[in-house]
Each structure stands twice: as structure tokens, then as C-alpha cells.
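Down below is the structure, laid out as C-alpha cells.
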Amino acid sequence: MLDGLDLARPELLSGQSLIDGAWTDCERVIPVINPATGRKIGDVGDCGAHDAERAVAAASRALPGWRAIAPRTRQAALLRWRELILANAEDLARILTAEQGKPLVEARGEIHYAASFLEWFAEEAKRAYGDIIPGHQPDKRLLVLREPVGVVGAITPWNFPAAMITRKVGPALAVGCTMVLKPSELTPYTALALARLAVESALIPPGVFNVVVGEAEPIGAVLTQDPRVRKFSFTGSTAVGKMLGARCMSTVKRVSLELGGNAPFIVFDDADLGQAVEGAIASKFRNTGQTCVCANRLLVQSGVYSAFAEHLAERVSELAVGDGLKGQMDQGPLINEAALRKVERHVEDARAGGASALTGGHALPGEGCFYAPTVLVDVAPDALLCREETFGPVAGLVRFETEAEAIGLANEGTAGLASYLYTRDLDRAFRVTEALRYGMVGVNTGLISTEVAPFGGVRESGLGREGARQGLDDYLDYKLMCLGLAPDPGGRSG
Ligand code: SIN
């Protein structure tokens, strides 16, 4: 077993996919690499289209029984699964850190975040209310029923190997849908461990939740094109999301997309600078800069630019970088070499445009994909770093003069997921929030994610919302029951 993994229950680290309640081996395998060391953790089975189709068939068979049971029975199943996740949280966190790289403290946080979606949607299972509408004619009654959409296909990313799964499977199972999940092949062990615990709960019947690990293309093709899949949910890059969403239209599936962001983080002259620096650290350096809601470009007003930059650089230079399984780290590795190269390209491009590094600005020597936490000043607004998601530990600071200029810069581009602003002026907080074309705005905070609030973007950052009561909507269809009444024998109608 991998150095330092030390699991209380080693059987949670398994490479078998879950199809129709059975653990499945495959002919081919995919190696899973620890990005902190470059060493192999193990091999997982590489399922193909045939296994994905078997999983879809199993989910279709399981659907009528699962949707027919009382919501409180589904609630009990989700709560039992959640209990098992929390009881095994340390093992899950260690597996997550080994394959994803985030420091153990962040991995523990993610496991609790993941469990919170099961708790929230277990509670919401009982609240999938419909409507009764006053009839448009005296002899008509209108009832709007809410029904599960059916079999859900889901593809989840490597940056949150646990929470992005429960954020989809929680609402799906709560309202009576069944699911086939394809987790990222870079971080499949966490998903498979969660699946083991779902089976262990003994309250989620075979076929209700299937996990199919493998290369993206063959499995993705089934999940986006099989007519039995009625809803498709994806978290990942905008380019891939657009392509998968388009494929779903051949069978007109419901589609939820949680795609890339390019979050502006605006610091006005009247901000509390200490609070703004801490918020920037929390947002920019969460998961080593590898979240869709990480601040991507820091827009700082000229009156506080130098003070903010110096204070931020001082704090960033103190961040401990290393293997999350070995001691207290603040920053882990990037997920792979390609991610490291992208960060290097962004920093080189910013430098070519006149930026300089107050701290960091280079990859770290030795094993693993580590990049030094970096603060760049004098970044040009048209630098790559401002136009594309960097997905790495690089805070690039752009100077601005006026509120209107900040709003203009922030709204540039096509992304619209998260944005942040720091000010002590309440009028400005509302004015700028309303002007920002983003699905989420953090005001004087760098952390906005919670299971109780709707997470999602506008423009090219996605469709639909996850978490909160809105998170149920994407898994429910409306059905109108238009009831015609017989004429009133007493002649009172009309
Ligand atoms: C993401 O990066 O896609 C999700 C981040 C979060 O839930 O905060």
C-alpha cells in the first residue's frame, strides 16, 4: 500500500466499479497516480461502453421501485449513507488526498462538505411540493405534480472527488431518480469508496446508484446519447460541457452544467485590507487554486494597491507546500504535468506583458507537480491569466482607478460563475453586486460554497443550480393534471 495512506479499513481502497449492486472487474485497467509523488497508488478497472450500458439498464430497472417508495424511506437511506461517510471520514480523506493532492485538512473538510449534501437533500426529499392553480374554467381543476425525471447520467471532476458526487446524487436519489455516475479517472478511488459505503448502508437497492470508472469518451457517449438516460449532469470544463450538452440534445435530455469560471476579486479603496487579504487567500489558494470559484484575477483599486500586494505576498510566502499526507500543509500539488505547464504558461505570459513576482513565480524542484504559491503585480488586463482560468496557485493583481472601470473589467469575457468584492460601503456593495454578470457574488468574503445556498453560473459558466432547495428542481419534471369536473347536479357551477 501507498506510503502514509494508513487506512483503518483498507478494503475501502478498491478499483472495482459498481454496476447493479455487483462489484465489477474489467479487462483493462487505468493506473491512478499520486500527484504529490508521481507514484502509482494502484490500478482501477477501465469500463467501456458495454459496462456503461449495463449500468444504464440496471438504473432503468431499479427506477420504478425507487420512485414508488415514500420520500421518508429515501430520506432514511441518504441519512444512513451520510452516517457511514462520517464514520469513515478519516479513511475517505486520506484516499482523497492521495489521489487528488489537497492537504489532509482540506480533504477532511471536503468529506464533511460531501456529507452535508446528503443531509440537506435527505431533508428536502419530503418537500418536493407541487402546486394547485385556480382553474381557468369553473369545471376545471389544475394540479401541477412533480415527478422524478428518471435515470440520471452524471460526470464529476477530479478537483472535488467526493463533494461534486453527493451534490448530484443527493438530490437525484432524494426525489426518486436513479443514477449512473462516471467519476474522473484521475480520482476514482474516492468515488468507489463512497459507493462501497452506499452498498453498506443496505438501504440503497441494487441499480439505484451505479459507478462506472473508465476513459471519458465511451462512457460519456452512452450517458449523453442513450435514450433511457433522461437527465445528464456534468461538472467540468466549459469546452467539454458544451460538447456533452450538445450531444444530449439528440434525445432531448434535461441538462445541468457546472462549468468553468474566471472569478474577478475586486478590492476597493474603502475595503478592510486585512479582511480582503484573508479572503483572497481563502478564495485563490483553496485546493491550490484548483476550484471553479477560485479568484482568478484580483482587481485592486490604486489607493490600496501597494499595501494590499505587499500584505498578500507576505501571507502567501508563509504557505506550507508539500505532500498532504506528510504533515500540516496549506498547499498541495497540481493534479498533473499538464496543469503545471498551464500555470507556467500563464505566468510567463504575464511577465512578458510587464508583470513581476513579489513571491513565487516558478515550479518547485523535486518529485510531484508543485508550483510555488505566487503573487504577481502589474498584470495587464488582457494577460492570459485574466482571460482563462489558471487553475493554479497564482494571484495576479490588476490595478484599476474607478468603480465603473472595475465593473467593466470584471464583466469581460464569457464566464459568469463566482465573483467577489470588498468594500465597507453598503451602497456600493449592492450597486456592484447588481452590476456583476455572475451567478454568485461574495461580498467581503472569499468563501461562498455551502449546501444550503444555490451554486451555479450564468453566461457560459453553466445551466442549473446545485445545493439549496433549488438543487431539487433539476431532477424533477412538472406534470399538469387538468381535471374536468362533471356538471354540478345542484346547478351551482358557472
Ligand atoms: C467547483 O470547483 O466546481 C466547486 C467548488 C465548490 O463547491 O466550492
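Using θ = phi - 60° and the Karplus relation 6.51 cos²θ - 1.76 cosθ + 1.60, list the HN-Hα couplings for segment 277-285 in order, rounded to whole Hz, with x at every Gly or Pro.
Karplus-based 3J(HN,Hα) across segment 277-285 equals 5, 5, x, 5, 4, 4, 7, 5, 9 Hz.
Using θ = phi - 60° and the Karplus curve 6.51 cos²θ - 1.76 cosθ + 1.60, what whole-Hz ³J(HN,Hα) does each residue of segment 448-457 get, with Gly and Pro shown as x?
Karplus values, whole Hz, x for Gly and Pro: 10, 8, 7, 5, 8, 10, x, 9, x, x.
With a cut-off of 8 Å between alpha carbons and a minimum separation of six or more residues, what is the relative contact order of the chain in percent?
Working: 1173 pairs, mean separation 90.6, N = 494.
Contact order relative to length: 18 percent.
What does DSSP give for the chain in terms of the percent of beta bridges that are antiparallel, rounded to the nearest 5? Intermediate results must be reported in sequence, preceding the final value.
Values: 28 of 66 bridges.
Restricted to the chain, the bridges split so that about 40 percent are antiparallel.
Give me the lysines in straight-line cross-link reach of LYS253: C-alpha distance below 18 Å, same-chain residues under 8 apart excluded.
Partners within reach: LYS168, LYS182, LYS231, LYS242, LYS479.
Can you show me the helix-derived [θ] at 222 nm for the chain, built from DSSP H runs with n ≥ 4 at -39,500 (n - 2.57) apiece and divided by the number of residues, rounded to the nearest 500. Mind dumping the intermediate values first?
Numbers: 15 runs with 184 residues, N = 494.
One gets -11500 deg cm²/dmol as the mean residue ellipticity at 222 nm.
Tell me, what is the per residue accessible area of segment 263-443 in Å², probe radius 1.4 Å? The partial results should precede the final answer.
Working: 6660 Å² over 181 residues.
Heavy-atom SASA per residue in segment 263-443 reads 37 Å².
ALA68 to ALA221: FRET efficiency via 1/(1 + (r/R0)^6), r the Cβ-Cβ distance, R0 22 Å, to the nearest 0.05?
Numbers: r = 31 Å, r/R0 = 1.39.
After rounding to 0.05, the efficiency reads 0.10.
Calculate one ³J(HN,Hα) per residue across segment 349-360 by plugging θ = phi - 60° into the Karplus curve 6.51 cos²θ - 1.76 cosθ + 1.60, and present them in order as whole Hz with x for glycine and proline.
For segment 349-360, the Karplus-derived couplings read 4, 5, 4, 4, x, x, 7, 9, 8, 7, 8, x Hz, x marking Gly and Pro.
What order do you get for 136-142, 61-67 when each peptide is scored by the mean count of other beta carbon atoms within 10 Å, highest first?
61-67, 136-142
Take peptides 25-31, 479-485 and line them up by average Cβ neighbours within 10 Å, highest first, as a rough protection proxy.
On the way: 25-31: 13.7, 479-485: 10.9.
The packing order, highest mean first, is 25-31, 479-485.
List the residues whose amide H sits under 5 Å from the amide H of THR178, counting only those 5 or more places along or on another chain, with H placed 1.01 Å from N in the peptide plane.
The list, which skips near neighbours in sequence, is GLY150, VAL151, VAL152.
Give me the Kirkwood hydrodynamic radius of the chain, using the inverse of the mean 1/r over all pairs of distinct Cα atoms, in Å to one decimal.
Numbers: mean 1/r = 0.0423 Å⁻¹.
In the chain this quantity evaluates to 23.6 Å.
Sort 167-179, 457-469, 369-381 for me by packing, meaning the mean count of neighbouring Cβ atoms within 10 Å per residue, highest on top. Don't skip to the answer; put the middle values down first.
Values: 167-179: 28.1, 457-469: 21.0, 369-381: 23.2.
Sorting 167-179, 457-469, 369-381 by mean packing, highest first, produces 167-179, 369-381, 457-469.
Tell me which residues come under 5 Å, amide H to amide H, from GLY324 once H is placed; ignore anything under 5 positions away on its chain.
none
If you fit an axis through the alpha-carbon atoms of helix 49-68 and take the longest principal axis of the Cα set of the chain, what angle between them do you get, 0 to 90°, nearest 10?
The angle comes out at about 60 degrees.
Under a 5 Å amide H to amide H cut-off, with H placed in plane at 1.01 Å, what residues pair with PHE160 once short-range neighbours are removed?
Sorted by chain and number, the residues that satisfy this come to none at all.
Quick one: give the max-minus-min coordinate of the C-alpha atoms of segment 263-443 along each principal axis, largest first, in Å.
49, 29, 29
With r as the distance between the Cβ atoms of ASP382 and ARG127 and R0 = 45 Å, compute the FRET efficiency 1/(1 + (r/R0)^6) and round to 0.05. Spell out each step's value before the answer.
Numbers: r = 47 Å, r/R0 = 1.05.
Once rounded, the FRET efficiency stands at 0.45.
On alpha-carbon atoms, Rg over Rh for segment 165-324 using Kirkwood Rh? List each step's numbers first, then the result.
Details: Rg = 20.8 Å, Rh = 18.9 Å.
Taking Rh as the inverse mean 1/r over Cα pairs, Rg/Rh reads 1.10.
Can you work out the FRET efficiency for the pair ASP427 and LYS326, with r the C-beta to C-beta distance and R0 = 41 Å, to the nearest 0.05? Mind dumping the intermediate values first?
On the way: r = 49 Å, r/R0 = 1.19.
Approximately 0.25, to the nearest 0.05.
Taking Cα atoms of segment 131-221, Rg/Rh with Kirkwood Rh, to two decimals?
Values: Rg = 17.9 Å, Rh = 15.0 Å.
Over the Cα atoms of segment 131-221, Rg/Rh equals 1.19.
Taking the Cβ of CYS292 as the center, what net charge do the other residues with Cβ under 9 Å away carry, scoring Lys and Arg +1 and Asp and Glu -1? Write down the numbers at each step before the final one.
Working: positive: none; negative: GLU258, GLU389.
With Lys, Arg at +1 and Asp, Glu at -1, the net is -2.
Considering only protein heavy atoms and a 1.4 Å probe, what is the carbon-and-sulfur percentage of the accessible area of segment 263-443? Don't skip to the end; give the middle numbers.
Numbers: 3330 of 6660 Å².
Reported share for carbon and sulfur atoms: 50 percent.
Among the lysines, which have Cα under 17 Å from the Cα of LYS102 when same-chain residues fewer than 8 positions away are ignored?
LYS40, LYS284, LYS326
Kindly express, to the nearest 10 degrees and within the range 0 to 90, the angle between helix 89-100's C-alpha long axis and the longest C-alpha principal axis of the chain.
60 degrees
The values are calculated or read from the model by the stated rules, or taken from the named source; none is laboratory data. Remember, predicted model here, so these are calculated numbers, not experimental data. Cβ atoms come from the backbone with ideal geometry, glycine included; neighbour counts cover every protein chain shown. For the accessible areas, the whole protein counts, side chains as well, though only heavy atoms, and no ligand, DNA or RNA atoms are used. Shrake-Rupley method; radii C 1.70, N 1.55, O 1.52, S 1.80 Å.
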